[in-house]
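Take a look at the structure below.
A short reminder: the numbers here are calculations on the coordinates, not readings from a lab. This structure is a prediction, so every number in the text was calculated from the model and none was measured. FYI the Cβ positions are ideal-geometry reconstructions off the backbone, even for glycines, and counts take in every protein chain you see.
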Amino acid sequence: MFIILKIQRLVEKLMAETKKKNSFNLNSLQKLNNPEILLAVAVVVVVLMVIIPLPSFILDIFMALNLTLSIIIILTTMYVNDVLEFNVFPTLLLISTIFAIALNISSTRLILLQGAAFNVQLVKAFGNFVVGGNYVVGFIIFIIIIAVQFLVITKGATRTAEVRARFMLDEMSVQSMSIDADFNAGTIDEQEKKQKQNDLKMRTSFYGNMDGAAKFVQGAVVLGIIVTVINLIGGLVTGMVIRGESFGSAIKTYALLTVGDGLVAQLPALLISTATGIIITRSATKENLGSDVVKQLVRQPRALFISSGLLFFLMFLPGFPKVALFFLSGLLGLIGYVQYTNLKQKTTSEKKVQEEKELKKRSNAANTDDLLHVDPLSLEIGYALIPLADQDSGADLIDRISSIRRNVALELGLVVPPIRIRDNLKLTPSSYSILLKGVEMAKGKLKMHYLMAMETENISEKIEGEKTIDPTFGRPALWIPESERQRAELSGYTVVDAPTIIVTHLTETVKRFGYELLGRQEVNQLLETVKKTHPVLVSEVLEQAKVSLGVVQKILQNLLREKIPIRDLVTILETIADHLAEANLDILTEFVRVALKRQIMNTFKTPNNELFVVSIDPEIEELLANSIQTIGSEFQLTLDPNVSHSIAQKISVTVNKSTSLGVNPVVLTSRNIRIVVKSLIENIDPSIIVLSYEEILPHVRVENVGIVNFHD
């Protein structure tokens, strides 16, 4: 009573201050009309109900509200299409459980205090009308409800929640990697990735919370049993000892009130428990529970026909309700017939569509246009490598190949067309072939269920294995069993699996020959992208200066041929516009390279801003410069083939000599002969990089590690 008086005085004081300050106006009332405030007030009221006695009519309202809330919850769980639509359920479950406990305590207080004068209508209705005033029948029904709820629904829901939470936690890393793989493959954008990751976190959090929330319901059931026993025993003691009632009168009064109160409390709890079981056992579908149950339950007409026949047979057995069985048998038979008719029509329609597809497929096979089509880029594999591309068995080769397009676009600015994968029985079982426009550009051979171990500079221990050659870079390697992977990695080897070998080889092939994939159509798509942000620039180059797509294509191909990124199309187009008077495409390309020197230096310099170079003797440079002739729009070298070959050999030897010492140099020469020097060594060693002096940034330190001359 002291606490109640303190609360009352505090409220009166606050009301007085509010009136004094004249702040209780319409705006204050509007602020109270807020779901957050209302929920907070409701939680506080529920907690205070445990302490403060409630009048009978208030308790009636709250009990009706509890029953209504439980009905709304169970119906909501049936109609949501996804658990995330009702992710507040664990918290709501806790609040409703506390609310039910508070009501139970409040009703127990009134039953013990008032006895026969107890006047909560819902409790009396359940005690008199629902169980017919017979407390024995009421106790039996109450015990059955408790048993069903505790032993069947709550126990099953608790175990299901525990298993579901554990599975979701185990799957979280796998699903997170799957989202990252989809993003890397370009199938989803950044916003979709964040949305999927957020949904995954919310779903995992939901089932984790449900694991704990289900135990609230289980505890509430046990508490309901305890409260019922306390009501009965406490009521008998209060009635017989304090009020002086006879045992018969006390047992009748308090037993009926206890049963009524127990049923009022357990009916909402039963609905809440059922809702918990429903939402935990929901499968991942896009429809509500009712639609799923109806569709899946009547999907098989044979099951309906057999059930109808069985009910029809039971109708002729003595003692069975013939009217009810006849009605149900006819209803199931009618539903089965309708479903069978619909299924037959659907099958006929699908068969017709399939026949049309087959006819169209045969027609397309006879179409010579398709026969003339050549895939820009394709990968052919032998039949032993087919499991690597089988996504149903968990293989990720296709996903990893899809990521090549994204990686090449980010690195070079080249949009690679879709890479087609198909099996080829003409290949040896463990071989693969990479085709560019139908022509084989690279090939390799794998050993299934084995890993390839490649030596590095930090080998601490030699390992045993079957000797082979890395198909991508041509370096010596070993085939080792999968069980030896950890030992090989600890010994300093680089260990890769079969899909990684194919993806790496395919990536390097695309980088080497990617310029051949850049046609006029692809160039036009790139220019359309630039036009969205720089329309004046594109208009100046293509429309005012009338530079053809072929010229732009040739310059971009020249850059890609030497692995120079073309992502900065704005700079490339501006350079072309600045040097429109230059008709020679090779010279125009050199101007573009100079404009892109920051990107070029960033690609070939060391992290310490060093550039190791091999220079060319001025005598050779002068000889090459005097041998250049312009034919059409390109440079041609008119030099004796033996001399050209000798110069190319000397460049290759000098570069390789430095490479063997742990340095990766580039060849440095003047801009006017850079292109012909690159063409000289292209056939001997295409990996050698040739730069001009104009492409060097001022802050980069140039270290000369060799000179190419005639006297070596």
How would you order 94-103, 548-557 from highest to lowest mean count of nearby Cβ atoms within 10 Å? 94-103, 548-557
Amide H to amide H, which residues 5 or more places from residue 451 or on other chains are under 5 Å from it, using H placed in the peptide plane? 480, 482
From the square roots a ≥ b ≥ c of the eigenvalues of the alpha-carbon gyration tensor of segment 585-703, which class results: rounded (a/c under 1.5), prolate (a/b over b/c), or oblate? oblate
Going by amide H atoms built from the backbone, whose H comes under 5 Å of the H on residue 690, apart from near neighbours? 667
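Could you give the length gained on full extension between residue 178 and residue 300, defined as 0.36 nm per residue of separation minus the Cα-Cα distance, in nm? Write down the numbers at each step before the final one.
On the way: separation 122, 0.36 × 122 = 43.92 nm, distance 3.50 nm.
Length gained between residue 178 and residue 300: 40.4 nm.
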If we count other beta carbons within 10 Å of each Cβ, what is the order of 393, 249, fewest first? 393, 249
Multiply the residue separation of residue 84 and residue 391 by 0.36 nm, subtract the distance between their alpha-carbon atoms, and state the gained length in nm to one decimal. 107.7 nm
Determine, for 540, 192, 590, 350, the number of other Cβ atoms within 10 Å of each Cβ, and report the residues in order from fewest to most. 350, 192, 540, 590
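Structure shown: which of 193/563; 443/563; 196/346; 605/678; 511/605 lie over 25 Å apart, alpha-carbon to alpha-carbon? List each step's numbers first, then the result.
Details: 193/563 31 Å; 443/563 21 Å; 196/346 35 Å; 605/678 19 Å; 511/605 19 Å.
Beyond 25 Å between Cα atoms: 193/563; 196/346.
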If you take the beta carbon distance between residue 191 and residue 500 as r and set R0 to 30 Å, what does 1/(1 + (r/R0)^6) give as a FRET efficiency, to the nearest 0.05? 0.50
What is segment 407-531 by shape, rounded, prolate or oblate, if you read a ≥ b ≥ c off the alpha carbon gyration tensor as root eigenvalues and call it rounded for a/c under 1.5, prolate for a/b larger than b/c, and oblate otherwise? prolate
In the neighbourhood of residue 408 defined by beta carbon distances under 15 Å, the net charge of the other residues (Lys, Arg +1; Asp, Glu -1) is +4
Using 1/(1 + (r/R0)^6) with R0 = 51 angstrom and r between the beta carbons of residue 459 and residue 546, what's the FRET efficiency to the nearest 0.05? 0.30
Each label sits 7 Å from Cα toward the beta-carbon; between residue 684 and residue 340 the label points are separated, in nm, by 8.5 nm
Residue-ordered couplings for segment 104-114, obtained by feeding phi - 60° into the Karplus form 6.51 cos²θ - 1.76 cosθ + 1.60 and rounding to whole Hz (Gly and Pro as x), are 4, 5, 5, 5, 4, 4, 5, 4, 6, 7, 9
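For residue 205 and residue 147, what does the FRET efficiency come to when R0 = 51 Å and r is the distance between their Cβ atoms, rounded to the nearest 0.05?
Once rounded, the FRET efficiency stands at 0.95.
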Prolate/oblate/rounded label for segment 508-570 (Cα gyration tensor, a/c 1.5): prolate
List 452, 168 from most exposed to least, where exposure is judged by having the fewest other Cβ atoms within 10 Å. 168, 452
I need the phi-derived Karplus couplings for segment 241-247: 6.51 cos²θ - 1.76 cosθ + 1.60, θ = phi - 60°, integer Hz, Gly and Pro marked x. 8, 7, 8, x, 7, 6, 4
How far apart, in nm, are the 7 Å Cα→Cβ label points at residue 449 and residue 430? 1.1 nm
Just subtract the alpha-carbon distance of residue 354 and residue 422 from 0.36 nm times their residue separation and send over the number in nm, one decimal. 22.1 nm
Counting alpha carbon pairs within less than 8 Å and at least 6 residues apart, what relative contact order, in whole percent, applies to segment 298-352? 43 percent
5 Å is the cut-off here: which amide hydrogens, built 1.01 Å from N in the peptide plane, fall below it relative to residue 421, excluding neighbours closer than 5 in sequence? 379
So what are the ³J(HN,Hα) numbers for segment 533-538, from phi and the Karplus equation (6.51, -1.76, 1.60; θ = phi - 60°), rounded to whole Hz, Gly and Pro as x? 10, 9, x, 5, 5, 5
At 7 Å along the Cα-to-beta-carbon direction for both residue 584 and residue 658, put a label point, then send me their distance in nm to one decimal. 2.6 nm
